[in-house]
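Notes follow once the structure below has been shown.
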Amino acid sequence: MLDVQLGQLLGDAPTGSEEALDLVRAFDDALAYGFARVGEESAAALTALAGALAASPIGDRVSEAAEKVSAGSLGDEHLAALAGGRAALFGAVHDALLTRLDTALGRARAAWEPPQDRTEVAENLLAGCRIWLRELAIVGWRGVDHDLVSSADQTIEALLAVPELRGLAVLLDGLAAELRASSPVSTMELLPARRWADLWTRALLLAQRGPWNDGAEQVSGRLLILGTDVHEHATVIRVQVHAVFEPAGGAPSRLVRTSVAAAKVDTIVGPTVWRLLKGHPVLLSALAEHRSLDITDMPLLPGGDLLWHDDRASAGEEADPFAVARVQLAQATAPPVNPLDRHPVRIAEPVLLEGYKVDGLTIELGGNTLRLDLDRLPSCGPLTSSLVGDSSSCIGLMHWDAGRWRLQPIAVQATVKKKPVVAHNGDWAMGPTDPKVVKAEAKTGDVVAVLRERAGRLLRK
């Protein structure tokens, strides 16, 4: 699919994107040192940010915020405006990149329509978030210590008790955990300034009005799975499924995503992580057996994310993901992008590539070279870098990373010892099928069962 216009896709970065990212970088440097006393460089960074957005709908607000913060006035509305300005610059870069990718793929994308309904949440909880985020902005990352990090604990605990605000709670908890592990930050040689500023920006914007996931519609139809992206960290496992959705009634097909997740400990790794998701047997079976799914009244968010309910799904017929990709992927309409998700790092678009050759960490196709992202291959499935190297067909996700496009394989068709081999990230969702892996797991025992038994014993005491 990409071979015709791959050269156009892999050309220079969109006009103005480097300049926009330079403005963000300068703002992030200013945030690292805090806004308690804004020096000349920081003031120049804020002024430049405002200047770049002068002609935009938020231009006046960002300009006022830059002036106020430079003068030492840090109101919630001013920090929100600066965060909005930073997000707008990333959004412009994101849109330029995604438009280029859609053009190369010939992919139609639905337009974003703001939801009409809004979930009401406790304003005092959002205010508590803003207070902590304002304190971070005042002292900057260099001024963060254990006391400041710990001051967020009560707010995070209160947010976790409200289902609509749990996403914001997890975001704040993650940021607090990273800051706690790095405190005192003043002793660090290098700061993850971009990452922390990303988290701060998203949290501050979320804390302005609560959930941004309003407007879900109930949908029914058939789900044809393309592949699975596994996000694994020391304390959480998240499986994101990319699929083509055929609505009941004959409406045009759409690209959608759905995710399931579970908490974990760092000793649960490899294929064992699937056991943490056994509360979703219908979805896991479909992944392992390559089946379609019939869904009924499943909530679909405006940004293309299905809120998974296993009891609203049933297994359908066998559906080869590669056949689905060849027949359906080009015609399916891509979802619009939620405003808060307009960031280059969040681009993850499913594509099908065929007839290429792998040379180390790159794919050669139609005289063009595309970088492979093999660091994202999970340890819980059969897909390995070796299989990718032997492959000639791939379902993957296109990412924009470190100034270039990269392809993350999530399924491949390969030839090994003159025999065809197919491997998908989700093949082991119901347990490994490789005899060597099964034997290794038998030796180590069921780690999840042991930990649950120990936890139950502690609770009984």
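The values are calculated or read from the model by the stated rules, or taken from the named source; none is laboratory data. Predicted model only: the values in this text are computed from it and were never measured. Positions of Cβ are generated from backbone atoms using ideal geometry, with glycine treated the same way; all protein chains shown enter the neighbour counts.
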Which of the residues that make up the stretch 233-269 are without any contact (Cβ under 8 Å) to a residue 60 or more places away in the chain, part of a loop (DSSP other than H, G, I, E, B) and within 21 Å of VAL219 (Cα to Cα)? ALA248, GLY249, GLY250, ALA251
Working carefully through the options ARG202, ARG166, ARG195, find the one that is surrounded by 15 or more Cβ atoms within 10 Å (Cβ to Cβ) and outside any loop (DSSP other than H, G, I, E, B). ARG202
All but one of (1) out of contact with any Lys or Arg (no Cβ under 6 Å at 6 or more places or on another chain); (2) without any contact (Cβ under 8 Å) to a residue 24 or more places away in the chain; (3) farther than 24 Å from LEU224 by Cβ hold for LEU374; state the number of the condition that does not hold. (2)
Could you give me the residue pairs with C-beta distances under 9 Å whose first residue belongs to the stretch 422-437 and is farther than 18 Å from ALA243 by Cβ, whose second residue is of a type in the set (Lys, Arg) wherever it lies, and which are 6+ apart or on separate chains? GLY431/ARG275
Which of the residues belonging to the stretch 230-280 are more than 30 Å from ALA111 (Cα to Cα) and of a type in the set (Gly, Ala, Ser)? ALA234, ALA262, ALA263, GLY270, GLY279
Filter pass, LEU361 being of a type outside the set (Val, Ile, Thr), touching a residue at least 12 places away in the same chain (Cβ under 8 Å) and in contact with a Ser or Thr (Cβ under 7 Å, 6 or more places away or on another chain): no
Tell me the residue from VAL121, VAL38 that is in contact (Cβ under 8 Å) with a residue 60 or more places away in the chain and either on the phi > 0 side of the Ramachandran plot or among the β-branched types (Val, Ile, Thr) (or both), please. VAL121
Selection count where residues are of a type in the set (Lys, Arg) and crowded, with 20+ Cβ neighbours inside 10 Å, scope the stretch 20-43: 0
So is THR333 out of contact with any helix residue (DSSP H, G or I) (no Cβ under 9 Å at 6 or more places or on another chain), in contact (Cβ under 8 Å) with a residue 12 or more places away in the chain and closer than 25 Å to HIS94 by Cα or not? yes
Being surrounded by 14 or more Cβ atoms within 10 Å (Cβ to Cβ), in contact with a Lys or Arg (Cβ under 8 Å, 6 or more places away or on another chain) and not assigned by TED's automatic domain parsing to the domain that holds GLY304 narrows it down to one residue among GLY84, GLY75, GLY59; which is it? GLY84
Which condition does LEU352 not pass, out of (1) in a strand (DSSP E or B); (2) out of contact with any helix residue (DSSP H, G or I) (no Cβ under 6 Å at 6 or more places or on another chain), if it passes all the others? (2)
Go through (1) surrounded by 17 or more Cβ atoms within 10 Å (Cβ to Cβ); (2) farther than 30 Å from ARG100 by Cβ and name the single condition VAL265 misses. (1)
With respect to the numbered conditions (1) surrounded by 14 or more Cβ atoms within 10 Å (Cβ to Cβ); (2) farther than 17 Å from GLY34 by Cβ, which one is the sole condition not fulfilled by GLU120? (1)
Give the residue, chosen from ALA137, ALA96, that is modelled with pLDDT of 95 or more and surrounded by fewer than 18 Cβ atoms within 10 Å (Cβ to Cβ). ALA96
